[in-house]
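Okay, structure first, notes after.
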Amino acid sequence: MAMDYYREYILDHYRNPRNYGKLDDPDAHAEDNNPLCGDQLAIDLQVDGDHITAVRFQGRGCAISQAAASMLSEMIEDKTVEEVVQLGKNDVLDALGIPISPARTKCAFLSLRVLHRSLALAGLEKPTIDNTDDE
Amino acid sequence: MLTSDSVPAMAKQKTENTNSAIRTAAEIRKDFPILARQVHGKPLVYLDSTSSSQKPYSVIEAMSTYYETYHANVHRGVYEISEEATARMEKARVKVARFINARQSKQVIFTRNTTEGINLVAYSWGNTNITAGDLIVLTEMEHHSNLVPWQLLAQRTGARLEFVPVTDEGLLNLDVYEQLLQQQPKLVAFTHMSNVLGTINPAQQMIAHAHFAGAVVLLDAAQSVPHLHVDVQALDIDFLCFSSHKMLGPTGIGVLYGKRDLLEAIPPFMGGGDMIRKVGLRESTWNDLPWKFEAGTPAIAEAVGLGAAVDYLNTMGMENVLQHEQEITSYALEQLQGIPGLTIYGPDVTKRGGVISFNLADIHPHDLASILDQEMGVAIRAGHHCAQPLLERFNLAATARASFYVYTVREDIDALVQGLHKALHIFSL
């Protein structure tokens with residue numbers, strides 16, 4: 001049911017995204033898009049020692065991709081780098097709390113991919129196929 | 001640009017007296033087995049024919065009959081079923097040639113799709129006729145398939161690309177077109193009908209003016225040949241490309257039409273079997289048209305299926321196809337008018353085909369498409385429709401798009417409208 005897709009908290013994150021914007025001098029940054037949908041996402045992180053001290057994201061796209069990014073940003077705040085490196089697809093699915101059809105998985109996981117790419121580019125995470133390539 | 005409160009009065013007038021067309025479309029639907037299926041427990045409402053049309057029984061049966069009774073390779077065997085396969089495939093070519101009023105069937109080259117036809121011209125004609133500094137004129141409303149091959153040609157040769165701008169209404173700016181023609185382009189390539197805005201471009205006039213300026217013209221007819229009567233001789237077009245799968249035929253086959261002297265003069269696109277006359281170890285000579293451009297075993301079942309699709313459209317009459325789509329499009333524009341927050345892109349119904357791109361409030365087209373699919377069984381397209389520069393022209397990342405064909409009925413539009421109201425409700429609007 002589509003109603004499942006668009007629960008109130010998802011629309012709330014879509015319309016009132018948390019941690020929206022960018023950082024002046026980020027310690028980690030990455031951006032990407034879904035070429036087929038046109039969804040865009042950029043993430044900035046401020047890192048102090050082994051802690052993520054600030055996160056901002058900017059994006060344009062569907063409710064699923066933007067709500068997932070907003071929720072992910074809340075999960076990252078004040079976490080250790082080690083904890084953030086461990087975040088995976090199940091964490092995003094749990095946060096969304098709705099079934100994601102195959103056609104929409106790219107929307108749901110766009111921010112997760114950009115997050116891991118930013119960590120990899122900053123040398124905080126080992127580069128892998130998951131964080132450097134599309135799917 | 002049309003907004004929901006400025007749909008032309010034309011739309012209202014044209015929806016009168018459509019009972020016969022509706023009845024016809026309702027009958028026509030029975031020819032399309034897929035329209036009987038359900039999705040998410042609801043009848044399928046297919047509004048994505050601009051992307052790919054559905055297939056009638058006659059096309060499906062023509063293809064299975066080929067595989068069941070006379071499958072063999074063509075142009076090779078001297079035995080019964082190979083000769084039969086060859087005859088049926090070449091008969092399909094004749095049907096296509098008559099459908100677009102080509103002088104000779106050898107001017108009909110079977111390709112994989114529109115994209116391959118355009119690439120063929122960009123390589124075979126482009127590499128031998130375009131040199132550094134030459135001008136190629138395109139438009140801002142091109143599908144990526146009529147854009148990227150010319151970018152590649154420009155990179156290979158050092159040619160220059162210029163673009164006819166699109167007006168706010170969604171029409172080509174013909175004043176700028178005339179100015180570009182004064183720079184004597186070698187080639188003009190443009191779409192007959194926009195796959196995003198539905199705009200039908202004034203091809204006849206544009207081709208004549210391009211010829212006067214000395215240019216060769218390629219027409220991307222992927223959206224026009226399925227929906228209007230296209231006469232290549234009346235248009236005096238040099239190259240024309242279209243795809244079978246958008247005109248009730250199978251995927252995997254398309255057509256390049258070309259003027260004979262142009263096709264004779266240019267080298268082959270791909271080398272291999274079937275396209276040769278004599279092969280030596282170091283050089284070969286080429287087969288006659290059309291086979292010079294058809295290397296390797298062709299899509300035989302698909303050619304037969306395309307022939308059956310042409311038969312089906314001929315039985316309907318392309319005038320009736322166009323009339324039905326204009327009636328459905330008028331009805332859709334009228335019904336969409338009542339939806340708050342809806343923005344429709346493109347010109348009024350007198351200048352467009354059965355394609356409507358729109359956005360609804362702050363709901364992203366992908367969310368809209370998901371809701372329509374799951375709540376109503378309505379299939380629409382959402383995204384940039386392989387026309388990113390056109391969407392950027394309108395400062396859009398994506399649109400939702402509903403498109404219509406011979407089997408589209410008013411009930412389909414009603415389901416779309418109902419679904420859009422549901423989306424507004426779900427998004428608390």
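Read the figures in this text as sums done on the coordinates, not as results from a lab. Values in this document were obtained by computation on a predicted structure and should not be read as measured data. Cβ coordinates were reconstructed from backbone atoms using ideal geometry, including for glycine residues, and neighbour counts include every protein chain displayed.
Numbers below:
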quantity	calculated
Part-to-part distance (alpha-carbon centres) for the range B:208-272 and the range B:78-147, which is given in Å	6 Å
22 Å Cα-Cα reach of B:LYS422 towards lysines, excluding residues that sit fewer than 8 places from it in its own chain	B:LYS42
Lysine pairs meeting the criterion (Cα under 19 Å, 8 or more apart or interchain), as found in the range B:59-315	10
Stretchable slack from B:MET318 to B:HIS425, in nm (0.36 nm times residue separation minus alpha-carbon distance)	34.5 nm
For chain B: relative contact order, % (alpha-carbon pairs under 8 angstrom, 6 or more apart)	25 percent
Of all DSSP beta bridges in the protein assembly as shown, antiparallel share, percent nearest 5	70 percent
Gaussian network model of chain B, springs between alpha carbon atoms under 10 Å - residue of B:ARG112, B:ARG93, B:ARG282 with greatest fluctuation	B:ARG282
Set of lysines near A:LYS89 by C-alpha distance (under 23 Å), chain-local residues within fewer than 8 positions excluded	A:LYS79, A:LYS106, A:LYS126
Computed label-point distance, nm, for sites B:ILE60 and B:ALA72 using a 7 Å Cα→Cβ extension	2.9 nm
Chain B: calculated mean residue ellipticity at 222 nm from DSSP helix runs of at least 4, using -39500 (n - 2.57)	-11000 deg cm²/dmol
Packing-based order for B:352-360, A:39-47, using average beta carbon neighbours within 10 Å, highest first	B:352-360, A:39-47
Those aspartates and glutamates that a straight Cα-Cα span of less than 19 Å connects to A:LYS22, excepting residues fewer than 8 apart in one chain	A:GLU31, A:ASP32, A:ASP39, A:ASP44, A:ASP48, A:GLU74, A:GLU77, A:ASP78
Antiparallel DSSP beta bridges within chain B, percent to nearest 5	65 percent
Gain in span if fully extended, B:THR128 to B:LYS278, counting 0.36 nm per residue against the direct Cα distance	51.7 nm
Estimated distance in nm for a label pair at B:HIS229 and B:ASP261, the labels positioned 7 Å out from Cα along Cα-to-Cβ	2.8 nm
Rounded, prolate or oblate (a/c below 1.5 giving rounded, otherwise prolate when a/b exceeds b/c) for the range B:59-315 by Cα gyration tensor	oblate
Point-to-point label distance, A:ALA103-B:ASP236, nm (Cα→Cβ direction, 7 Å offset)	4.5 nm
